[in-house]
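J.: Can you keep this structure in mind? I'll have questions shortly.
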C-alpha cells in the first residue's frame, strides 16, 4: 500500500537556497488552510498568519533573519537564492490565555508538508529581530511573532545522514549540506527505558 504522506515526510528537509520561481496562489491557500485545520488545545485557535509576497517588504525582512548557525555565513541565501514568500506565524493573545507551542508545531508542520506536496521547500526561522519585524508591519502588542516561514522552490538538496553522536549539520567540499538525524534505534524504547 502506498503512503504518500509518509513519503512526503521522508523527503522534507529545511531549505535555505531557493529558486526565483513564483509560488502559486493555490499552494499558498492550501498550505494556510492545512495550518488552520491543525489541532488546537481547547480549540482556542489563537494562530494567525501574515503572508508577505511583496518584494520590497521581503527585502526589509531578509537582513533581520538568522540562517543556518552551524555553517554561517556560507549557508545564508545569496541575492538570487532568497525566499519568494514569507509567512509570519502570529500568536493572538486576545484569542487564548496562553500560547501553546504544540499548536504552533502542528500548524507549521501541516503548512510545510502541504508546500512540499507542491515541490516547494521551507525554512522555519525562529531566530530573527522581532522588534524590527513588528515595526515593519505595525504588529500590535497582543500578537507574539512566533516564527517566520521562508518559502520557495528548492535550489539545494540537503542530504540526510544517520548519526548517533553528531547533531550539527555540515557542508562538504562541494558545498553540499548534510543533516544528521539520530537513528530510530536510539530514540525508541519498548516497554522500558533503555540504559
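J.: Viscosity 1.306 mPa s, temperature 10 °C: Stokes-Einstein D of segment 4-155 from its Kirkwood Cα radius, in µm² per second? Each step should come with its number before you reach the end.
T.: Numbers: Rh = 15.8 Å.
D = 101 µm²/s.
J.: Below 8 Å between Cα atoms, with a sequence gap of 6+, how large is the relative contact order for the chain in percent?
T.: Working: 320 pairs, mean separation 57.3, N = 195.
Answer for the chain is 29 percent.
J.: Hey, another quick one. Take each of the peptides 108-120, 9-21, 92-104, 162-174, average the number of other beta-carbon atoms within 10 Å over its residues, and list them starting from the highest. Could you put the intermediate results ahead of the total?
T.: Details: 108-120: 19.5, 9-21: 17.6, 92-104: 14.5, 162-174: 10.8.
So the order, starting with the most tightly packed, is 108-120, 9-21, 92-104, 162-174.
J.: Another question about this same structure. Per DSSP H run of n ≥ 4, the term is -39500 (n - 2.57); total these for the chain, divide by its residue number, and report the mean residue ellipticity at 222 nm rounded to 500 deg cm²/dmol. If you can, show how the numbers build up before the last one.
T.: On the way: 6 runs with 56 residues, N = 195.
So the calculated ellipticity at 222 nm is -8000 deg cm²/dmol.
Quick note: the coordinates plus some simple rules give every number you see, no bench work behind them. Quick caveat: nothing in here was measured; it's all calculated off a predicted structure. Positions of Cβ are generated from backbone atoms using ideal geometry, with glycine treated the same way; all protein chains shown enter the neighbour counts.
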